[in-house]
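See structure below.
The values are calculated or read from the model by the stated rules, or taken from the named source; none is laboratory data. The shown structure was predicted, so the numbers you read here are calculated from the model rather than taken from an experiment. Glycine also receives a Cβ, built like all others from the backbone with ideal geometry; neighbour counts cover every protein chain displayed.
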Amino acid sequence: MSSTIVLRGARLVPFDDDGAARTGDHADGPSAPGLVDVAIVDGRIVAVGPNLSTAGADDVVDLEGRWLMPGLWDAHVHMSQWALDRQRVDVGHAKSAAEAAAIMAEHARLAAPPPGIVLVGRGFRDGLWPDQPSAALLDVALEREGVGRDVAVVVVSGDLHAAWFSTAALVLLGGAGHPTGVMRETEWMGRMGAIDTVSPEVLDAWVDDAATAAASRGVVGIVDFEIADNLSTWTRRIAGGQRSLRVDAGVWREYLDRAVALELATGDEITGTDGLLRLGALKIISDGSLNTRTAYCADPYPDRRGEGAYGTLNTPTGELTTLLAYARGKGIAAAVHAIGDRAVALALDAFEASGARGSIEHAQLVGAADAARMARLGLTASVQPEHAMDDRDVADTHWAGRTADAFPYSTLARAGVRLALGSDAPVAPLDPWAAIAAAVYRSRDGREPWHPEQRIDLDTALAASVRSRIAVGEVADVVVLDADPYAAATPEELRAVPVAATLLAGRWTQRLV
């Protein structure tokens, strides 16, 4: 049965035909001052203009001069981890290992988990801590709070590339006798799923809450790189009623054969999901992260010696090239996690040798020459600008002398690389306005802009955050704003752009009140 919605009295945040935000000849700044109506039939825009007829419309909504723009996408999310993270103990503000341990111990005293269940913390960042996290430190803190050493505690790092275990947690999760209690990279990632002790039904409910919260910030779609069988997970969720988001389901190599057997290529819609679920790209982690000091770099880390001084190459270039060539042959794009400059260079080698298409995920340390290579190869830089704000001090310490090439959004954009903005939630919150503000201002919390030469303009940031337009024939994935984003005069104002409503294929996921 056909459905018609007319949105009346909207001010458009305009976009050109190529998807880039348009600036220029508007009396009140870059955004268009004139009011238009938008008619939507069966989830697609059929007319845009002043004084459209509302005859026969099922829903007529007066936007009263609010601003209308395409719905926002987050190009890099770990959705289950984000939903779980929203339930975990936050130690992100801790300035030392001792302080983080004390936070976890106090929480254990107030709400100790039952035997066999892990108390999970989130967000530790030890790159600038004066002391070292260890199992012994957690054990002592637990004893000091009177809960005993038998409580299993795991604290996940802010970048997800490391975790810090109490002795009881090491025993519970197969790491008894570990020399420090801090596991990094593959040693930890193989255990990540073991701390997720909630049922699929509970987790799906938490994901639903997180998706609703994302819609309240104007999000219509995510690229989910959860380490899981994302096709099966999201097919189940959508069948169960989760319809707040579109999802591109990232594929890990463990599940690649299933996608190939189903003869799915990147971008293919999954049957039975009403177009909400598509196959995404093959996700491959080539190196580590900055905070964990495992991002693979051309220069050594100042606090590391011997093996690992340059970081960790998780996937050798020959293996990466073979994987990319296989994926290309099956019509599947590749999303290669590469943070350090050496990892980026080797990933570009693999893309060039294989002829694969896809993206470099994170691209946190990239020189001008490799930015030009990325453009020539037609690759997307999938970046998370809020990480630059989280890690600016860590970068100044551990990438000293090289930060002119750190989080180099302007360099990439000038080279012609397509940018896609995201959060990497739970590493940063799933809020596209935070990413946009960080990319545009390179500043947060009242601090001076960090390497302001790497800022991008709002046009570019918005274009890197949407996949559609307000135009006839386009899908009606739109967001209604209570303020013009171009009128934001400070980073704080841009971060806090008020979202009034969100529609996904003409269906309200956040209703105007």
Of all the residues that make up the stretch 121-147, how many are closer than 19 Å to residue 161 by Cα, among the aliphatic types (A, V, I, L, M) and surrounded by fewer than 16 Cβ atoms within 10 Å (Cβ to Cβ)?
1
Filter the stretch 233-244 down to residues that are more than 13 Å from residue 280 (Cα to Cα) and either touching a residue at least 40 places away in the same chain (Cβ under 8 Å) or part of a helix (DSSP H, G or I) (or both), then give me how many there are.
8
Is it fair to say residue 149 is modelled with pLDDT under 95 and either under 26 Å from the mean Cα position of the chain (by Cα) or within 22 Å of residue 392 (Cα to Cα) (or both)?
no
Can residue 38 be described as under 30 Å from residue 302 (Cα atoms), buried (at least 22 other Cβ atoms within 10 Å of the Cβ) and not basic (Lys, Arg)?
no
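Residues checked against (1) over 15 Å from residue 154 (Cα atoms); (2) of a type outside the set (Lys, Arg); (3) buried (at least 19 other Cβ atoms within 10 Å of the Cβ):
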{"residue": "182", "(1), (2), (3)": "no, yes, yes"}
{"residue": "186", "(1), (2), (3)": "yes, yes, no"}
{"residue": "196", "(1), (2), (3)": "no, yes, no"}
{"residue": "205", "(1), (2), (3)": "yes, yes, no"}
{"residue": "221", "(1), (2), (3)": "yes, yes, yes"}
Select from the stretch 293-308 the residues that are buried (at least 23 other Cβ atoms within 10 Å of the Cβ) and touching a residue at least 60 places away in the same chain (Cβ under 8 Å) and write down the one among them that is farthest from residue 401 (Cα to Cα).
294
For residues in the stretch 382-415 being small (Gly, Ala, Ser) and either under 26 Å from residue 309 (Cα atoms) or touching a His at 6+ places or on another chain (Cβ under 6 Å) (or both), which is surrounded by the most Cβ atoms within 10 Å (Cβ to Cβ)?
382
Residue 322, sole failed condition from (1) within 21 Å of residue 186 (Cβ to Cβ); (2) crowded, with 17+ Cβ neighbours inside 10 Å
(2)
Residue check, residue 352 closer than 19 Å to residue 391 by Cα and either assigned to a loop (DSSP other than H, G, I, E, B) or among the acidic types (Asp, Glu) (or both)
no
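Residue-by-condition table, conditions (1) at pLDDT 95 or above; (2) under 21 Å from the mean Cα position of the chain (by Cα):
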position	(1), (2)
474	yes, no
480	yes, no
490	yes, no
496	yes, yes
499	yes, yes
504	yes, yes
508	yes, no
511	no, no
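Conditions tested, residue by residue: (1) on the phi < 0 side of the Ramachandran plot; (2) in a loop (DSSP other than H, G, I, E, B); (3) not polar (S, T, N, Q).
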site: 271; (1), (2), (3): yes, yes, no
site: 296; (1), (2), (3): yes, yes, yes
site: 307; (1), (2), (3): yes, yes, yes
site: 318; (1), (2), (3): yes, no, yes
Inside the stretch 155-188, can you point out the residues that are assigned to a helix (DSSP H, G or I) and in contact (Cβ under 8 Å) with a residue 40 or more places away in the chain?
169, 172, 186
Qualifying strands (runs of 3 or more DSSP E) (wholly inside the stretch 49-124; at least 1 residues being under 30 Å from residue 204 (Cα atoms) and touching a Ser or Thr at 6+ places or on another chain (Cβ under 9 Å)):
67-70, 72-77, 119-124
Residues that are aromatic (Phe, Trp, Tyr) and within 23 Å of the chain's Cα centre (by Cα), drawn from the stretch 165-210
188, 206
If I filter the stretch 201-222 for residues that are assigned to a loop (DSSP other than H, G, I, E, B), in contact with a Phe, Trp or Tyr (Cβ under 8 Å, 6 or more places away or on another chain), closer than 29 Å to residue 496 by Cα and in contact (Cβ under 8 Å) with a residue 40 or more places away in the chain, do I get at least one hit?
yes
May I ask you to list pairs of residues, at least six apart or on different chains, whose Cβ atoms are under 6 Å apart, with the first in the stretch 400-412 being at positive phi and the second being in a helix (DSSP H, G or I)?
407/388
Report whether or not residue 333 is small (Gly, Ala, Ser), modelled with pLDDT of 95 or more and in contact with an Asp or Glu (Cβ under 9 Å, 6 or more places away or on another chain).
no
Would you pick out the residues in the stretch 483-513 that are closer than 20 Å to residue 59 by Cβ, among the charged types (D, E, K, R) and surrounded by 15 or more Cβ atoms within 10 Å (Cβ to Cβ)?
507
Flag for residue 66 being under 30 Å from residue 157 (Cα atoms), crowded, with 17+ Cβ neighbours inside 10 Å and among the basic types (Lys, Arg)
no
Looking only at the stretch 356-378, filter to residues that are more than 18 Å from the chain's Cα centre (by Cα) and assigned to a loop (DSSP other than H, G, I, E, B); which one of those is surrounded by the fewest Cβ atoms within 10 Å (Cβ to Cβ)?
378
